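Peer 1: What follows is a single structure, and I will ask about it in a moment.
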Amino acid sequence: MEKTDEKTIFAKKNIDSMSDPIKHECGIALLRLKKPLDYYVSKYGSAFYGLNKMYLLMEKQHNRGQDGAGLANIKLDMKPGERYISRSRSIDQKPLQDIFSKINSRFENIEEKYPEKLKDIEFLKKNAGFTGELFLGHLRYGTFGKNSIESCHPFLRQNNWMTRNLVVAGNFNLTNVDELFDVLLNLGQHPKEKSDTVTILEKIGHFLDMDNQNLFEQYKQQGYSNKEITAKIIENLDIEGILKKSSEDWDGGYTMSGLFGHGDAFVLRDPSGIRPAFWYEDDEVCVVASERPVIQTAFDLKKEQVQELTPGHALIVRKSGDVSEVMINQPLERASCSFERIYFSRGNDYDIYNERKKLGQLLVPQIIKNIDNELDQAVFSFIPNTAEMSFYGMMKGLEDYLNEEKMEAIKALDKDASDDDLRTILSRKTRFEKIAIKDAKLRTFITQDESRDDMVAHVYDITYGTVERGKDNLVVIDDSIVRGTTLKQSILRILDRLEPKKIVVVSSAPQIRYPDCYGIDMARMGDFIAFEAAIELLKECGKGFIIDEVYRKCKEQELMPKEQIKNYVKEIYEPFSADEISDKIAELLTPVHLKAEVKIVYQTIENLHEACPNNKGDWYFTGNYPTPGGNKVVNKAFMNYMEGSDDRAY
């Protein structure tokens with residue numbers, strides 16, 4: 001984040017597309033060109049086929065990271081003394097454009113001096129970066145820490161031995177960095193930083209070095225020369241073994257990708273499948289990305305042609321071009337992140353599009369209940385922009401519900417009913433309007449709280465005349481309600497200007513009650529309006545002692561191995577139903593002097609699983625963490641809350 005002097009009277013505030021912006025998982029893209037590069041010049045008319053595809057793969061995933069970006073490239077079969085690894089990283093305001101404009105500027109210089117050389121593969125590989133066969137790209141959302149160039153992937157571990165060079169980029173977060181750091185110390189290393197990124201890089205690097213050394217000694221004893229040994233190492237490097245030894249004690253969610261200097265590559269997915277990865281291979285390319293439709297778009301494929309990387313497995317791409325998916329760690333019960341389906345991933349994925357519509361459709365019974373079945377006095381809308389798909393599903397569900405009502409009403413007509421009676425029934429329709437309009441570029445510049453809040457309230461605008469004053473219920477759907485800050489400061493205030501009888505805010509996600517520790521920026525208990533509501537309810541009903549009991553239980557197991565730790569924070573919520581907590585949330589988020597009654601409706605856990613049957617990772621809603629480190633993190637987050645600490649729990 002931008003640092004500002006305390007005396008500065010100007011500040012800027014940006015609001016993301018959803019009402020509660022969340023930073024989340026990063027995005028990766030790996031591409032291996034399997035044919036000689038002249039093939040792509042001949043078939044596609046360009047020496048930059050791979051680079052252009054990488055731009056597409058990364059640009060189509062810019063939703064996954066806007067804090068920074070990086071791109072690495074490896075050229076195969078270069079002679080000693082010739083550069084074979086290129087890397088560019090940026091934390092510019094538009095990092096992806098910054099990287100590719102810098103790369104393209106080099107080719108523009110070549111075009112100006114030697115235009116005939118732009119299709120000369122041998123010349124380009126010798127004289128220009130990013131003209132190799134193997135690419136690795138990364139888009140970064142910084143969940144915490146410095147947003148510096150050093151924080152941008154891909155990371156590079158360099159060595160004069162080609163086979164010991166390592167490039168790593170990932171979409172991941174580990175919960176047991178302290179343990180892994182100690183492992184590196186016990187190996188005799190002296191890491192420069194205590195972070196999961198450095199820890200992973202050095203752990204893979206250590207076992208890469210070990211395998212290189214073992215192979216060197218083996219072939220040296222067999223009488224091979226040093227030059228010959230390098231070729232033998234390239235052929236026989238045990239990538240599967242390196243990954244098994246490196247990752248056996250990782251606790252977290254990850255899609256980890258890497259390149260070795262000689263041209264091998266891998267993408268490794270965690271055993272629970274928490275973080276996503278998809279891949280495709282034909283005789284020309286092998287490609288991996290964090291999202292399926294990205295690959296479909298870049299290579300004009302059907303969804304059936306793109307495969308999901310199996311949890312606990314690695315896709316290994318050898319220098320020879322051979323591709324295999326191999327098990328590295330025994331897969332666990334699948335716990336793929338359901339937030340990917342609700343919000344993070346691009347909505348043009350076939351399954352995600354239908355799942356988001358289903359999430360909206362399944363909310364209809366709760367909505368009908370909260371508007372007292374007054375469907376004829378209700379106007380429906382959504383908070384722009386990512387809730388649009390769940391809105392379509394909600395409207396489809398309301399249409400089905402209304403059709404059932406119409407059918408029952410028609411059945412109840414007597415034989416003397418007139419055409420007008422029938423027409424009155426058939427003319428009933430659900431009313432929907434474009435209510436909220438987002439001013440994406442609106443910023444505030446005054447730091448005094450009263451004035452700033454007034455400006456924030458105008459981040460959203462409304463379409464006037466869409467609601468019948470004092471009679472209509474106004475129902476708006478959003479992806480999720482995490483903190484509720486924007487809802488309270490902006491959305492509810494601006495919607496109240498339409499003077500509805502009641503405002504019902506619907507979340508297509510369940511109540512977010514617990515911190516994430518696998519890559520989403522939701523780490524502090526105090527950030528969750530559901531937690532705040534539960535704490536208030538405990539105090540109000542004379543059960544505040546539960547808060548102290550939970551704290552005591554957490555402290556008692558603070559130093560226990562993570563495998564023995566239990567999530568005691570669940571006990572904060574146990575005395576109350578989901579509806580009771582939702583009602584308290586509505587009370588806490590209702591601004592002073594608001595005229596309309598406010599109701600908050602959250603998705604149920606059961607309906608979430610029905611809508612997203614293959615992505616049942618729901619720990620932020622239920623507290624059921626897929627790895628032992630999750631229980632350690634949630635208890636630590638609660639202890640931090642009780643002790644008034646803003647430190648992150650991992």
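Peer 1: Under 13 Å from a label point 7 Å along Cα→Cβ of Gln158: give me every residue in the range 55-93 with its amide N that close.
Peer 2: 83-88
Peer 1: From the residues His206, Met407, Ile581, which one has its Cα farthest along the dipole of the chain in the positive direction, the dipole being from +1 and -1 charges on Cβ of Lys/Arg and Asp/Glu about the Cα centre?
Peer 2: His206
Peer 1: Sticking with this one: Just to confirm the number: angle between the C-alpha axis of helix 350-361 and the first principal axis of the chain, 0 to 90 degrees, nearest 10?
Peer 2: Its long axis makes an angle of about 20 degrees.
Peer 1: Between the helical axis of 628-642 and the dominant principal axis of the chain, each derived from Cα atoms, what acute angle in degrees is found, rounded to the nearest 10?
Peer 2: 60
Peer 1: Given the chain, what whole percent of its Cα pairs are spread farther than 40 Å? Numbers along the way, then the final one.
Peer 2: On the way: 78645 of 210925 pairs.
Above the 40 Å cut-off, the chain has 37 percent of its Cα pairs.
Peer 1: Hey, with R₀ at 41 Å, roughly what FRET efficiency would Asn236 and His609 work out to, going by the Cβ-Cβ distance, to 0.05?
Peer 2: Here the calculated transfer efficiency is 0.35.
Peer 1: Something else now. Could you sort 514-520, 343-349, 38-44, 628-634 so that the peptide with the highest average Cβ count within 10 Å comes first and the rest follow in order?
Peer 2: Sorting 514-520, 343-349, 38-44, 628-634 by mean packing, highest first, produces 514-520, 628-634, 343-349, 38-44.
Peer 1: Nearest 20 debye, what's the magnitude of the dipole of the chain about its Cα centre given +1 on Lys and Arg Cβ and -1 on Asp and Glu Cβ?
Peer 2: So the magnitude is around 1720 debye.
Peer 1: Calculate, for the chain, the solvent-accessible area per residue in square angstrom, rolling a 1.4 angstrom probe over the heavy atoms of the protein chains.
Peer 2: With the other protein chains kept in place, the chain gives 45 Å² per residue.
Peer 1: Test of understanding: extend the Cα→C-beta vector of Tyr464 to 7 Å, then name every residue of the range 497-535 with backbone N under 20 Å from that spot.
Peer 2: 497-501
Peer 1: Can you tell me how much longer the chain between Lys406 and Glu284 gets when fully stretched, taken as 0.36 nm per residue apart minus their C-alpha distance, in nm with one decimal?
Peer 2: On the way: separation 122, 0.36 × 122 = 43.92 nm, distance 5.69 nm.
Taking Lys406 through Glu284 to full extension adds about 38.2 nm, to one decimal.
Peer 1: In addition: Suppose the chain between Lys369 and Val592 were pulled fully straight at 0.36 nm per residue; how much longer would it get relative to their current alpha carbon spacing? Don't skip to the end; give the middle numbers.
Peer 2: Numbers: separation 223, 0.36 × 223 = 80.28 nm, distance 2.54 nm.
Taking Lys369 through Val592 to full extension adds about 77.7 nm, to one decimal.
Peer 1: Suppose we take every Cα in the range 332-448 and form the convex hull; what volume per residue is that in Å³? Write out the running numbers ahead of the final one.
Peer 2: Numbers: hull volume 25.0 nm³, N = 117.
Per-residue hull volume (Cα only) is 214 Å³.
Peer 1: Would you mind telling me the antiparallel percentage of the DSSP bridges in the chain, rounded to 5?
Peer 2: About 75 percent, rounded to the nearest 5.
Peer 1: Once phi is turned into ³J(HN,Hα) by the Karplus curve 6.51 cos²θ - 1.76 cosθ + 1.60 with θ = phi - 60°, what whole-Hz value does each residue of the range 49-55 show in order, with x for glycine and proline?
Peer 2: In residue order, the calculated couplings are 4, x, 5, 5, 5, 5, 4 Hz.
Peer 1: Could you give the length gained on full extension between Asp178 and Arg552, defined as 0.36 nm per residue of separation minus the Cα-Cα distance, in nm?
Peer 2: Value of the extension gain: 132.3 nm.
Peer 1: Once the other residues with Cβ under 9 Å from the Cβ of Trp279 are scored (Lys, Arg +1; Asp, Glu -1), what is the net sum? The partial results should precede the final answer.
Peer 2: Working: positive: none; negative: Glu281, Glu308, Glu325.
Charge balance in the 9 Å sphere: -3.
Peer 1: Taking the mean number of other Cβ atoms within 10 Å as a proxy for protection, how do you rank 218-229, 316-327 from highest to lowest? Intermediate values should be presented prior to the final figure.
Peer 2: Numbers: 218-229: 12.0, 316-327: 16.2.
So the order, starting with the most tightly packed, is 316-327, 218-229.
Peer 1: Also: Rounded to a whole number, what % of the accessible area of the chain do carbon and sulfur atoms account for, probe 1.4 Å? All intermediate terms of the calculation are to be shown ahead of the outcome.
Peer 2: On the way: 13620 of 29060 Å².
Heavy-atom surface of the chain belonging to carbon and sulfur, 1.4 Å probe: 47 percent.
Peer 1: Roughly how tilted is helix 578-589, in degrees to the nearest 10 and between 0 and 90, from the longest Cα axis of the chain?
Peer 2: 90
Peer 1: Could you pull out which residues in the range 235-260 have an amide N less than 20 Å from a spot 7 Å beyond the Cα of Ser320, following the Cα-Cβ vector?
Peer 2: Zone members listed by number: 235-243, 259-260.
Peer 1: What is the sum of charges around Val504, taking Lys and Arg as +1, Asp and Glu as -1, for the other residues whose C-beta is under 12 Å from the C-beta of Val504?
Peer 2: -1
Peer 1: Kindly identify the range 516-650 as rounded, prolate or oblate by the Cα gyration tensor criterion: order the square roots of the eigenvalues as a ≥ b ≥ c, call it rounded if a/c is under 1.5, otherwise compare a/b with b/c, prolate if a/b is larger, else oblate.
Peer 2: Here the range 516-650 falls in the oblate category.
Peer 1: Here's something else I'd like to know. What is the sum of charges around Ala409, taking Lys and Arg as +1, Asp and Glu as -1, for the other residues whose C-beta is under 13 Å from the C-beta of Ala409? Please report the intermediate quantities before stating the final value.
Peer 2: Details: positive: Lys406, Lys411, Arg423, Arg428; negative: Asp376, Glu404, Glu405, Glu408, Asp414, Asp421.
Residues close to Ala409 contribute a combined charge of -2.
Peer 1: Hey, can you rank 102-114, 251-263 by average C-beta count inside 10 Å, highest first?
Peer 2: 251-263, 102-114
Peer 1: If the limit is 29 Å between Cα atoms, which of Lys358/Lys488; Lys94/Lys302; Lys60/Lys488; Lys434/Lys539; Lys429/Lys584 go over it?
Peer 2: Lys94/Lys302; Lys60/Lys488; Lys434/Lys539; Lys429/Lys584
Peer 1: Continuing with the same structure: Using a 1.4 Å probe and ignoring any ligands, DNA or RNA, find the accessible area of Asp579 and quote it in Å² to the nearest 10.
Peer 2: Its accessible surface works out to 90 Å², give or take rounding.
Peer 1: If each DSSP helix of 4+ residues adds -39,500 (n - 2.57) and the sum is divided by the residues in the chain, what number results at 222 nm, nearest 500 deg cm²/dmol? Walk me through the intermediate numbers first.
Peer 2: Numbers: 22 runs with 239 residues, N = 650.
Theoretical 222 nm ellipticity from helices: -11000 deg cm²/dmol.
Peer 1: Using R₀ = 41 Å, calculate the FRET efficiency as 1/(1 + (r/R₀)^6) where r is the Cβ-Cβ separation of Ser148 and Lys302; round to 0.05.
Peer 2: 0.50
The values are calculated or read from the model by the stated rules, or taken from the named source; none is laboratory data. The model shown is predicted, which means the values in this text are computed figures rather than measured ones. For neighbour counting, all protein chains shown are included, and Cβ atoms are generated from backbone atoms with ideal geometry for every residue, glycine included. Ligands, DNA and RNA are stripped out before the accessible areas are found, and what is left, the full protein with its side chains, is counted by its heavy atoms. Shrake-Rupley method; radii C 1.70, N 1.55, O 1.52, S 1.80 Å.
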